[in-house]
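J.: Dropping the structure in here first, questions after.
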Amino acid sequence: MEIAGRVVRNAAFWMPRRAPSIKNTPSGPETQVARLPFLRQIGRKGAETAAEFPFSVPVVRSLTTLAFPEPVTFFVGENGSGKSTLLEGIAAAAKLPAVGSADLAGDATLVAQRTLGAALQLTWNRRTHKGFFLRAEDFFGFTRRLSAMRAEFLRELAAIDVEYEGRSTLSKGLARMPASRSLAEMEQRYGIDLDANSHGQSFLKLFQSRFVPGGLYLLDEPEAPLSPQSQLALMMMMQDMISQDAQFIVATHSPILLAYPGAAIYSFDALPVQRTEYEELEHVRLTKDFLNQPGRYLRALREASE
C-alpha cells in the first residue's frame with residue numbers, strides 16, 4: 001500500500017515494539033532500555049474550587065494525577081467530555097508553540113485553558129522545548145496566514161524591482177535578499193501553496209515540515225481532515241518520530257489512530273479518567289458492529305424517521 005510516497009509493509013508496521021536489546025560489555029551483558037517519554041505526568045497544584053469553566057468540567061474537577069508512561073498517549077471520549085480542554089491546558093502549561101491562526105499565549109479562545117494550565121503541575125522525565133500544539137480547526141487559519149505572508153513577500157519584491165529599476169544588479173540583489181530568502185525558506189518548508197492541495201494532503205505536508213526529533217506533540221483531533229489512508233500515513237510519521245525520541249499526546253475519536261501499537265489510552269467517559277484497552281472502547285465496539293452489520297443500523301435510522 002502506497003502512503004504519502006512510501007510503501008507500507010503491513011507486517012512491519014504492526015509489529016510489536018522490540019524488546020530491549022542486549023550488548024556485551026567487559027563487565028557482562030548490558031540492557032539498552034528505550035528513553036522515557038519527556039512528560040511523565042500531570043497533576044493539580046491545589047484544590048481549585050472555582051465553579052466557572054474550565055474547572056466546572058467534571059474530568060478537570062476530579063483530576064488528581066495522570067501519567068504518560070508511553071511515547072504515545074490518547075485521550076478519547078464523547079464531545080464535551082473534557083479531553084480537548086485538558087489537552088489545551090497541558091499545552092499552555094508546557095508553553096508549547098501553537099500551529100494555528102494565533103499563538104497559544106495570545107489566542108482569545110484559550111483564555112480559560114491558560115487558567116487551567118496555570119493550575120497544572122507538570123512532572124518531566126526530561127524537559128523539551130521542541131514540539132507544538134495543534135487543533136485541527138486552527139489549521140485552516142494557519143494556511144491563510146501562510147498565504148498572506150507569501151503574498152506580502154511577493155508584493156515587497158515587486159516594490160523593490162520598481163524602486164531599483166535602472167540600478168545595478170548588485171544593489172537590487174542586496175535589497176531583495178531578506179524578502180527573497182524568507183520566501184524561499186517558507187516555500188521550501190511548506191511548499192508554494194498549501195491551499196492548492198487537498199485538506200488531507202496539506203495536513204500531512206504540515207506534519208512533514210514541522211515534526212522534528214526530540215519533540216513533544218499535542219494534537220487535538222488530527223483525523224478531522226484525513227482519510228483512512230492518510231490517518232495511516234500520520235501513524236507512519238508518528239512511528240518515525242518516536243524512533244527519534246518524540247512523544248505524542250493526542251485527543252481523538254478515530255479507531256484507526258487509537259490502534260497505534262503500545263499506546264496508552266485514557267477514557268474521558270469515566271470519572272475519574274481511566275486507562276482502558278483498545279478493544280474496550282465504545283468507539284471501537286460501535287465501529288466494528290456497524291461495519292459488520294450496517295443494515296441493522298440503517299434500518300433503525302429509517303424506522304426512527306418514519
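J.: Please identify which residues in region 59-86 have an amide N closer than 15 Å to a label point set 7 Å out from the Cα of Glu137, following the Cα→Cβ vector.
T.: Those under the cut-off are 79-86.
J.: Grab the other residues whose beta carbon is less than 9 angstrom from that of Tyr266, score K and R as +1, D and E as -1, and report the net. Write out the running numbers ahead of the final one.
T.: Values: positive: Lys83, Arg275; negative: none.
Value of the local net charge: +2.
J.: Going highest first, how would you order 55-67, 86-98 by mean Cβ packing within 10 Å? Could the numbers behind the result be given before it?
T.: Working: 55-67: 16.7, 86-98: 22.1.
By packing density, highest mean first, the sequence is 86-98, 55-67.
J.: Taking the Cβ of Ala224 as the center, what net charge do the other residues with Cβ under 13 Å away carry, scoring Lys and Arg +1 and Asp and Glu -1?
T.: Around Ala224, the surrounding residues sum to -4.
J.: Want the number for Glu303 to Leu271: 0.36 nm per residue separation, take away the alpha-carbon distance, what's left?
T.: Working: separation 32, 0.36 × 32 = 11.52 nm, distance 3.45 nm.
8.1 nm is the gain from fully extending Glu303 to Leu271.
J.: Let me ask something additional. Compute the distance in nm between two label points, each set 7 Å from the Cα along the Cα-to-Cβ direction, one at Gln293 and one at Ala224.
T.: Reported label-point gap for Gln293 and Ala224 is 3.4 nm.
J.: Roughly speaking, what is the stretch gain from Arg210 to Tyr278, that is 0.36 nm per residue apart minus the C-alpha to C-alpha distance, in nm to one decimal? Show your work: numbers first, answer last.
T.: On the way: separation 68, 0.36 × 68 = 24.48 nm, distance 2.87 nm.
Net length gain for the segment: 21.6 nm.
J.: Nearest 0.05, what FRET efficiency do Arg176 and His129 give at R0 = 41 Å with Cβ-Cβ as r?
T.: The pair Arg176/His129 has a calculated efficiency of 0.75.
J.: Right, here's the next one. Lys and Arg at +1, Asp and Glu at -1: add these up for the other residues within a Cβ distance under 14 Å of Arg127 and post the number. Walk me through the intermediate numbers first.
T.: Values: positive: Arg35, Arg40, Lys95, Arg126, Lys130; negative: Asp245.
Spelling it out: positives minus negatives among the neighbours equals +4.
J.: Quick check: pseudo-label points 7 Å beyond the Cα along Cα→Cβ at Arg285 and Ala50, how many nm apart are they?
T.: Reported label-point gap for Arg285 and Ala50 is 3.7 nm.
We did not get these values from a lab; they are worked out from the coordinates using the rules stated. These numbers were taken from a predicted model, which means no experiment stands behind them. Heads up, the Cβs are rebuilt from the backbone with ideal geometry, glycines too, and the neighbour counts pull from every protein chain shown.
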